[in-house]
Amino acid sequence: MSKYTREDIFRIVEEEDVAFIRLQFCDLFGVPKNIAIPSSQLEKALNNECMFDGISIDGFTRDDESDMYLYPDLDSFEIYPWRPQSGKVARMFCNVYTSDNKPFSGDPRSILEKVIKKAGDMGITFKVNPRLEFFLFDYDDNGNPTATTKERAGYFDVAPLDQGENVRREIILNLEEMGFNISSSHHEIAPAQHEIQFEEEDALRAADMIMTFRMAVKTIAKKHGLYATFMPKPVEGISGSGMHISFLAEDAEGANIFATNDGNLSEAAGSFIAGVLSHAKGMTLITNPIVNSYKRLVPGYDAPVNISWSKSSNGRSALIRIPSRKGSATRVEVRNPDATCNPYLAIAYILAAGIEGIEKKMTPPEELSENIRSISFDQTNSGTVDVLPMTLGEAINAFKADDFGKEVLSESVYHKILEAKKAEWKEFRTCITKWELDKYLNNF
């Protein structure tokens, strides 16, 4: 059932004095893009007649054409509360189509929609609730962002120790005006680190919300004189920022298929877990896509290193954790993603892996019952539990070794991502870091 009709959009734009509408999409790497149109061009947009040049967008180049069209999702229409209230600005998320009216195979939103449709054909609706962590840092005297803060607060601290409390409050109030259902927020482990959690939403809307959330956090933080970053590990020696994603699965009657009548994990849940774990290594290039992502995925911090699952409350060292909520609230939490990922592709990849597990009735490995959070890399490599890639280079090799990525993303997208990430890894490998100079320059 659609939330809005065309007539609704025209009426809201007039009644709310909306002056501009942003037609929003993203490139393969989750970077938001948009075309802003005045409200006088709304009919053209709703007729799917707004065009852009795909050559200018990473991953959107086609050999035979560059003209692409934006097809707005009417239900995604929202007004930005933080923008001026006279001559308001609204947005609609769009799918990208080719000039012959076909969905563009490189459109991340369409890739997720294909996976959702496959689940729907199996009688399953997936809901997703993400928890995003971020830092609020200071600017320097020249207005450039830094990775420093005067704050010294820790886990669950309150003001005045928590100096970002008012920023989080304004972020949440703005997002609630846009229809977000925020379940909680708090100060995280590291100084200047914060977390905001959403209630579960349909998978596509959840991905749209992540895109909006990242924009809102950065915009509102800047109003408060702070720089918000979702960089996974901006400061050495403290906890990094992740984006834990929980998945719920419902049948046609709305019953949670991850739970049994007696409140235990169902066979479907076990198979979903097994499917995700079976593709975990290759998946990291999508869920943890930058060099810095792997500085977070190290032993000793609140981030997974090993490819395992756990129902234990101490299971935060596992890749997949089953939160303690039971019955209709039973969910599967995947803990390795970070917010630098493209949320459409990350959710699509995880869902597709879980769906494969359900289809093939896969059996998960034995549950990890101990907390191995503090063990070293050497200990993980010598143990029976396999580990996630330790560098972007290892993630690239794992992605290449698993053809599942071609099935989920399409062969063209698979190769475009691989090509871009190989170039990024080569650039990093040839870079001389401060650590190397400090370590070796005086000795050799």
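Here are the numbers for the structure shown:
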read-out	value
Yes/no for THR330 being open to solvent by less than 10 Å² (accessible area, probe 1.4 Å) and farther than 22 Å from LEU392 by Cα	yes
Matching residues in the range 388-414 - criterion: being at pLDDT below 95 and more than 20 Å from GLU356 (Cβ to Cβ)	SER412
Pairs with Cβ under 7 Å, 6+ apart, first in the range 317-342 and on the phi > 0 side of the Ramachandran plot, second of a type in the set (Val, Ile, Thr) and open to solvent by less than 20 Å² (accessible area, probe 1.4 Å)	none
Among residues of the range 116-135, those that are buried (at least 23 other Cβ atoms within 10 Å of the Cβ) and among the hydrophobic types (A, V, I, L, M, F, W, C), counted	5
Cβ pairs under 7 Å, 6+ apart, first in the range 25-45 and among the aliphatic types (A, V, I, L, M), second surrounded by fewer than 18 Cβ atoms within 10 Å (Cβ to Cβ) and in a loop (DSSP other than H, G, I, E, B)	LEU28/ASP58
Test: residue in the range 117-124 that is under 23 Å from ALA36 (Cα atoms) and either of a type outside the set (Asp, Glu) or in a strand (DSSP E or B) (or both)	no
Residues of the range 395-417 satisfying the condition of being closer than 18 Å to LYS114 by Cα and either of a type in the set (Lys, Arg) or touching a Ser or Thr at 6+ places or on another chain (Cβ under 8 Å) (or both)	LYS406, SER410, SER412, VAL413
The range 340-372 - residue that is assigned to a loop (DSSP other than H, G, I, E, B) and open to solvent by less than 30 Å² (accessible area, probe 1.4 Å) and, of those, farthest from LEU392 (Cα to Cα)	LEU368
Qualifying residue in the range 51-71 (condition: surrounded by fewer than 17 Cβ atoms within 10 Å (Cβ to Cβ), modelled with pLDDT of 95 or more and at negative phi)	no
Subset tally (residues that are open to solvent by 10 Å² or more (accessible area, probe 1.4 Å), under 25 Å from CYS341 (Cα atoms), not in a loop (DSSP other than H, G, I, E, B) and not basic (Lys, Arg)) for the range 212-269	5
Filter result for GLY164 (open to solvent by 10 Å² or more (accessible area, probe 1.4 Å) and small (Gly, Ala, Ser))	no
Tally, over the range 182-207, of residues that are open to solvent by 20 Å² or more (accessible area, probe 1.4 Å) and either touching a residue at least 60 places away in the same chain (Cβ under 8 Å) or under 17 Å from the mean Cα position of the chain (by Cα) (or both)	9
Residues satisfying the stated conditions in the range 78-115, i.e. of a type outside the set (Lys, Arg), open to solvent by 40 Å² or more (accessible area, probe 1.4 Å) and either touching a strand residue (DSSP E or B) at 6+ places or on another chain (Cβ under 6 Å) or under 18 Å from LEU46 (Cα atoms) (or both)	TYR97, SER99, ASP100, ASN101, PRO103
The range 1-20 residues that are among the charged types (D, E, K, R), paired with ones that are part of a loop (DSSP other than H, G, I, E, B) and surrounded by 15 or more Cβ atoms within 10 Å (Cβ to Cβ) (beta carbon under 7 Å, 6 or more apart)	none
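The values are calculated or read from the model by the stated rules, or taken from the named source; none is laboratory data. In this text the structure is predicted, and so the values were computed from the model without any measurement. Ideal geometry is used to build each Cβ from the backbone, glycine not excepted, and the neighbour counts take in all protein chains shown. Note: areas computed on protein heavy atoms with side chains; ligands, DNA, RNA excluded. Shrake-Rupley method; radii C 1.70, N 1.55, O 1.52, S 1.80 Å.
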